[in-house]
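A.B. asks: The structure's right below; bear with me while I get my questions together.
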Amino acid sequence: RPYIVMEFLEGDDLKALISRGGEVPLERRLELMKQVVGALAYAHNGGVAHRDIKPGNIFVTRDGDVRLLDFGIACIKGSTMTATGVVLGTPAYMSPEQVVGKKVDRRSDVFAAGTVFYELLSGERAFPGKRVNEIFDEIMQHQPTPIHRLNDLMPESLSAIIHKAMAKEPEH
């Protein structure tokens with residue numbers, strides 16, 4: 001009989017941690033970001049692009065370890081299962097190439113991770129909007145306010161890294 005065995009996780013997703021805001025020290029936020037980047041590097045080195053990186057898909061265990069969840073729309077390098085022209089993902093965290101239905105790869109995950117880190121560090125979404133078309137317009141046409149301008153405790157160098165991750169052109 002076919003069955004699935006899954007790890008039982010206790011803790012919270014990153015969405016819950018972001019909602020706590022100031023309760024989470026900057027050092028802890030940076031450690032979480034480091035773990036997310038490590039998990040993405042592992043997936044990418046295996047030829048897998050997640051394509052739905054968002055706070056709700058990043059789980060932090062009680063021990064403080066990060067797990068990437070929901071690889072349901074992931075793309076494996078060389079696979080022909082997903083065609084271009086199909087928009088998949090969560091609007092507020094989608095890369096510009098996802099928004100317009102172009103081919104995506106690990107750089108789309110980097111963009112999405114940048115938007116998650118922006119939110120984790122600032123408490124605000126990088127690309128706000130109430131309706132999908134408003135969010136897509138923000139992603140395609142606007143740059144988020146630099147994090148160091150929203151929080152003067154954030155170093156400009158960290159702000160620059162986050163904003164580079166959210167570059168509109170994948171090659172950047």
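A.B. asks: Set the Förster distance to 30 Å, then compute FRET efficiency between Leu153 and Ala41 from the Cβ-Cβ distance, nearest 0.05. Display every interim value, and only then the final one.
C.D. replies: Working: r = 27 Å, r/R0 = 0.92.
Once rounded, the FRET efficiency stands at 0.65.
A.B. asks: Given only helices, namely DSSP H runs of n ≥ 4 each adding -39500 (n - 2.57), what is the per-residue ellipticity at 222 nm of the chain, to the nearest 500 deg cm²/dmol?
C.D. replies: On the way: 7 runs with 72 residues, N = 172.
Dividing the helical sum by the residues of the chain leaves -12500 deg cm²/dmol.
A.B. asks: Next question, about the same structure. For the range 1-72, with only Lys/Arg (+1) and Asp/Glu (-1) charged at the beta-carbon, what is the dipole magnitude about the Cα centre, in debye rounded to 20?
C.D. replies: Details: 10 positive and 11 negative charges, 41 e Å.
Around 200 debye, computed over the range 1-72.
A.B. asks: Which helices count as membrane-span-like in the chain under these terms: full DSSP H, at least 20 Å along the axis by C-alpha, Kyte-Doolittle mean of -1.0 or more? Before the final figure, lay out the partial values.
C.D. replies: Working: long enough: 26-45 (28 Å, -0.04); 106-122 (24 Å, 0.31).
Membrane-span-like by this rule: 26-45, 106-122.
A.B. asks: What is the range 97-170 by shape, rounded, prolate or oblate, if you read a ≥ b ≥ c off the alpha carbon gyration tensor as root eigenvalues and call it rounded for a/c under 1.5, prolate for a/b larger than b/c, and oblate otherwise?
C.D. replies: oblate
A.B. asks: I'd like the FRET efficiency for Met140 and Thr61, computed as 1/(1 + (r/R0)^6) with the beta carbon distance as r and R0 of 30 Å, rounded to 0.05. Don't skip to the answer; put the middle values down first.
C.D. replies: Details: r = 36 Å, r/R0 = 1.19.
After rounding to 0.05, the efficiency reads 0.25.
A.B. asks: Same structure again: Extending each Cα 7 Å along its Cβ direction at Val132 and Leu30, get the distance between those two points in nm, one decimal.
C.D. replies: Calculated label separation equals 3.9 nm.
A.B. asks: Explain nothing, just the number: dipole magnitude of the chain about its Cα centre with +1 on each Lys and Arg Cβ and -1 on each Asp and Glu Cβ, in debye rounded to the nearest 20. Don't skip to the answer; put the middle values down first.
C.D. replies: Details: 21 positive and 23 negative charges, 85 e Å.
Here the chain has a charge dipole of around 400 debye.
A.B. asks: Report the dimensions of the chain along its three principal axes from the alpha-carbon atoms, largest first, rounded to Å.
C.D. replies: Largest to smallest, the principal-axis extents are 54, 39, 30 Å.
A.B. asks: At most 10 other C-beta atoms within 10 Å and a DSSP loop state: those are the exposed GluC sites (Glu not before Pro) I care about. Give me the longest piece of the chain that has none. Please list the in-between numbers first.
C.D. replies: Values: sites that count: Glu7, Glu10, Glu171.
Longest stretch, sites excluded: 11-170.
A.B. asks: Then there is this: Multiplying the sequence separation of Ala160 and Glu10 by 0.36 nm and subtracting their Cα-Cα distance, what value in nm do you get? Could the numbers behind the result be given before it?
C.D. replies: Values: separation 150, 0.36 × 150 = 54.00 nm, distance 3.36 nm.
Contour length minus Cα-Cα distance gives 50.6 nm.
A.B. asks: Here's a follow-up. Could you give the length gained on full extension between Glu124 and Tyr3, defined as 0.36 nm per residue of separation minus the Cα-Cα distance, in nm? Walk me through the numbers on the way to the answer.
C.D. replies: Working: separation 121, 0.36 × 121 = 43.56 nm, distance 4.01 nm.
Full-extension gain reported as 39.6 nm.
A.B. asks: Among all the aspartates and glutamates, which ones have a C-alpha under 12 Å from Lys15's C-alpha, if same-chain residues fewer than 8 places away are not counted?
C.D. replies: Cα-Cα hits under 12 Å: Glu119, Glu124.
A.B. asks: Once the dipole of the chain is set up with Lys and Arg at +1 and Asp and Glu at -1 on Cβ about the Cα centre, which of Ser108, Val66, Leu14 lies farthest towards its positive end?
C.D. replies: Going by the charge dipole, the pick is Ser108.
Values in this text are rule-based calculations from the coordinates and carry no lab data. Values in this document were obtained by computation on a predicted structure and should not be read as measured data. We place every Cβ from the backbone using ideal geometry, glycine too, and count neighbours over all the protein chains shown.
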